[in-house]
1. Note down the net charge around Met165, summing +1 for each Lys or Arg and -1 for each Asp or Glu among other residues with Cβ under 14 Å from its Cβ.
2. Between Val157 and residues 5 or more places away or on another chain, which pairs have amide H atoms under 5 Å apart, with H built 1.01 Å from N, and which residues are they?
3. Going by how many other beta carbons lie within 10 Å of each one, how would you line up Thr303, Thr88, fewest first?
4. Using a Cα distance threshold of under 22 Å, what count of lysine pairs results for region 16-327 when pairs must be 8 or more residues apart or interchain?
5. Can you figure out the FRET efficiency of Ser202 with Thr244, using R₀ = 45 Å and their beta-carbon distance, to the nearest 0.05?
6. On average over all directions, what projected area in square nanometres does region 26-164 have, based on the convex hull of its Cα atoms?
7. Pick from Asn166, Asn17, Asn280: which is most flexible by mean-square fluctuation in a GNM of the chain where alpha carbon atoms under 10 Å apart are linked?
8. Quick one: the Cα spread of the chain along its three principal axes, in angstroms, biggest first?
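Read the figures in this text as sums done on the coordinates, not as results from a lab. No experiment lies behind these values; they were computed from the predicted model shown. So basically every Cβ, Gly included, is an ideal-geometry build from the backbone, and we count neighbours across all protein chains shown.
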Amino acid sequence: MAKTTVERPAEDHIQQNELIDLYRLMLRIRRLEESVYRLFRDAKIGGYLHRYDGQEALVAGVIPLLQLPHDKVLCTYRDHGHALACGTPAREVMAELLGRATGCAGGKGGSMHLIDPPRGFLGGDGIVGGPVPIALGVGYALKYRARMLGGGNHICVCYFGDGAMNQGGVHEAFNMVGLYKLPILFILENNQYAMGTSVARSTGQPDFVLKAKAHGIDGEKIDGMNVLTVRDAAQRVIDRIRETGEAYFLEMECYRFVGHGIGDDNTKSWTTYRTEAEVNEWRKRDPILQLGNYLQDRGILDTTQMDAIDAEVRQEVADAIAFAEASPEPPLDSLYENVFS
Ligand SMILES: Cc1ncc(C[n+]2csc(CCOP(=O)(O)OP(=O)(O)O)c2C)c(N)n1
Ligand SMILES: [Mg+2]
């Protein structure tokens with residue numbers, strides 16, 4: 001297989017330790033995701049879950065640049081990586097997946113509803129397109145606070161999938177964001193499919209940036225498999241949103257390496273709607289592989305050091321699982337706590 005290495009899109013203004021942090025964060029997400037299938041199969045995780053393997057650069061290249069908890073992050077049900085990137089400890093993520101009281105949502109949210117408001121993470125959302133109207137409200141509140149109460153120029157980052165681009169509520173929210181000029185960074189996680197339906201089969205206009213522009217939101221499309229491209233674009237765009245107070249739309253082209261969710265065969269990465277060859281082609285652009293090659297080529301890390309990072313990360317995941325398994329389930333008398341009625 002040809003060796004792929006990320007290319008630096010701009011001048012080096014990123015420190016070596018930041019590059020290593022980026023690598024470590026992507027690896028933490030990957031290793032945690034790899035561990036959950038077995039836990040689900042062993043009936044330790046209930047409900048449903050969706051993995052982020054292949055899409056790690058979308059969070060690693062953006063979230064560490066934010067001023068959390070004052071900036072806010074919203075995302076879909078594919079949310080384990082977003083929580084880790086926001087600083088939620090792996091232990092609390094894993095405990096939530098196992099429905100334990102020590103989880104970041106007290107064991108009542110599960111995989112699709114990780115949330116950690118004290119860290120600025122306003123949660124995953126099981127509704128396709130759901131985070132977008134919520135971002136409208138969060139963006140409005142941030143602008144209101146900044147204008148009326150003298151708050152800082154904080155922003156909301158909202159992640160959603162290509163399938164969400166066909167949802168009515170998303171376009172209604174975009175219209176209002178374009179009208180009110182709100183400080184939101186929309187990140188379209190275009191992984192090419194909504195469950196088994198490809199973008200080509202589901203939309204008459206696959207130019208998503210054009211759709212955002214139609215609502216008065218400027219935007220661009222970038223390579224979401226190259227974490228350095230993502231980081232450079234995010235830095236530029238975040239600065240712009242803080243300065244202008246206006247929303248921006250970043251479409252990030254990416255690919256999920258395993259099935260849509262736990263019900264879409266996770267033992268192999270190809271299924272009826274995509275070929276093994278297609279998956280393998282995208283795997284050559286694995287963001288972790290690309291950054292790893294870059295770090296080696298530049299002499300920033302050698303294989304021994306990379307193996308040591310991997311061993312630490314695997315240990316962190318093993319520790320998170322042990323912590324979750326040893327944690328109690330939420331007590332019965334907490335059944336009605338934090339429930340709207
Ligand atoms: C309103 C709504 N309709 C349908 C579903 C069922 N559903 C869950 S995930 C999904 C696909 C969404 O794909 P996309 O937005 O591309 O996100 P991805 O899973 O690829 O990250 C669908 C249709 C849902 N959760 N919510
Ligand atoms: Mg998708």
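1. -2
2. Lys72, Val73, Leu74, Leu185
3. Values: Thr303 9, Thr88 21.
The order, fewest Cβ neighbours first, is Thr303, Thr88.
4. Number of lysine pairs found: 14.
5. 0.90
6. 8.1
7. It is Asn17.
8. 57, 48, 41
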